[in-house]
Amino acid sequence: MTAENAIWRATVLTLFPEMFPGHLGHSLAGKALADGLWSLDAHDIRSAAADKHATVDDTPFGGGPGMVMRADVIDAALTGVAGAGTDQAAPRPVIYMTPRGAPLTQARIAELAAGPGVVLLCGRYEGIDERVVEAWNMEEISIGDFVLSGGEPAAMALIDAAVRLLPGVIGSKLSFAEESFEGGLLEYPHYTRPRVWRDREVPEVLLSGHHGKVDAWRKVQAEKATEERRPDLWNRYAAKNL
Ligand code: ADE
């Protein structure tokens, strides 16, 4: 297979490879996986450990709680992954999932989906020895300002968001045009039958059949939701559009 038609590839390094594919084996991503539109391989970091106890972590220099994953073990695990690092024809970024990372955005997801794939490192314990993060020039990504017990759900979230953008996974490109974060706004609210439910009516304009009015109403609703819920997004949008 040449680089041009190689499928998008996700490699995950984890202490819990049995967590994968997990939800990625279902629904849209699962069907695309079964159809060969992308591939997933999960590697056990522990199999890269050198000693007979398969030690992957140690106590932190300087003291403090918890354990730190060893640089030599992570390095050995990454060295065994084809296409990781920069000396390859189609290098995949090595991404460390950590609450210390830069916030994940739809824009970064779109870039990652357009590339050859990702190599995702899932941490456990207190974290990973900083030197291996530097030596592999890892990108550090967070999925939000909260702390998970491990990076696996974050890796799954990143893969899910990227896979749905791959060609052929979702039928229509129109599906993306109006969804949240496109154009810097949250999406407008949705309604379907029944027209009246528990005395609540569907907004009149949506029944009008007037596309111009519907579009205008949806834009106002998208702006309202963004201003109320996400001042960070709203300020950026307002500076650019208002
Ligand atoms: N690992 C633990 N918490 C995380 C978060 N919020 N994002 C990414 N990886 C994590």
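The values are calculated or read from the model by the stated rules, or taken from the named source; none is laboratory data. From a predicted model like this one, the values you see are computed outputs, not experimental measurements. Glycine also receives a Cβ, built like all others from the backbone with ideal geometry; neighbour counts cover every protein chain displayed. Calculation scope for accessible area: heavy atoms of the full protein, side chains included, ligands and nucleic acids excluded. Shrake-Rupley method; radii C 1.70, N 1.55, O 1.52, S 1.80 Å.
Before moving on, here are some points about what is shown:
- Region 186-212 residues that are in a helix (DSSP H, G or I), paired with ones that are at pLDDT 95 or above and not basic (Lys, Arg) (beta carbon under 9 Å, 6 or more apart): Val205/Val214; Val205/Ala216; Val205/Trp217; Leu206/Tyr191; Leu206/Val214; Leu206/Trp217
- Residue in region 161-184 that is within 22 Å of Lys31 (Cβ to Cβ), surrounded by 12 or more Cβ atoms within 10 Å (Cβ to Cβ), within 16 Å of the ligand (Cβ to nearest atom) and among the aliphatic types (A, V, I, L, M) present: yes
- Test for Glu223: is it open to solvent by less than 50 Å² (accessible area, probe 1.4 Å), of a type in the set (Asp, Glu) and under 18 Å from Leu112 (Cβ atoms): no
- Search result, residues across region 118-160 that are among the aliphatic types (A, V, I, L, M) and more than 9 Å from the ligand (Cβ to nearest atom): Val118, Val119, Leu120, Leu121, Ile128, Val132, Val133, Ala135, Met138, Met156, Ile159
- Matching residues, region 5-21, being in contact (Cβ under 8 Å) with a residue 60 or more places away in the chain and either in a strand (DSSP E or B) or within 20 Å of Thr98 (Cα to Cα) (or both): Trp8, Arg9, Ala10, Thr11, Val12, Leu13, Thr14, Leu15, Phe16, Met19, Phe20
- Residue match in region 101-123 (condition: crowded, with 20+ Cβ neighbours inside 10 Å and at pLDDT below 95): yes
- Residues that are under 19 Å from Val132 (Cα atoms) and open to solvent by 60 Å² or more (accessible area, probe 1.4 Å) within region 33-50 comprise His43, Arg46, Ser47, Ala50, listed in sequence order.
- Residue satisfying condition, being within 22 Å of Thr11 (Cβ to Cβ), aliphatic (A, V, I, L, M) and out of contact with any strand residue (DSSP E or B) (no Cβ under 8 Å at 6 or more places or on another chain), within set Ala155, Ala161: Ala161
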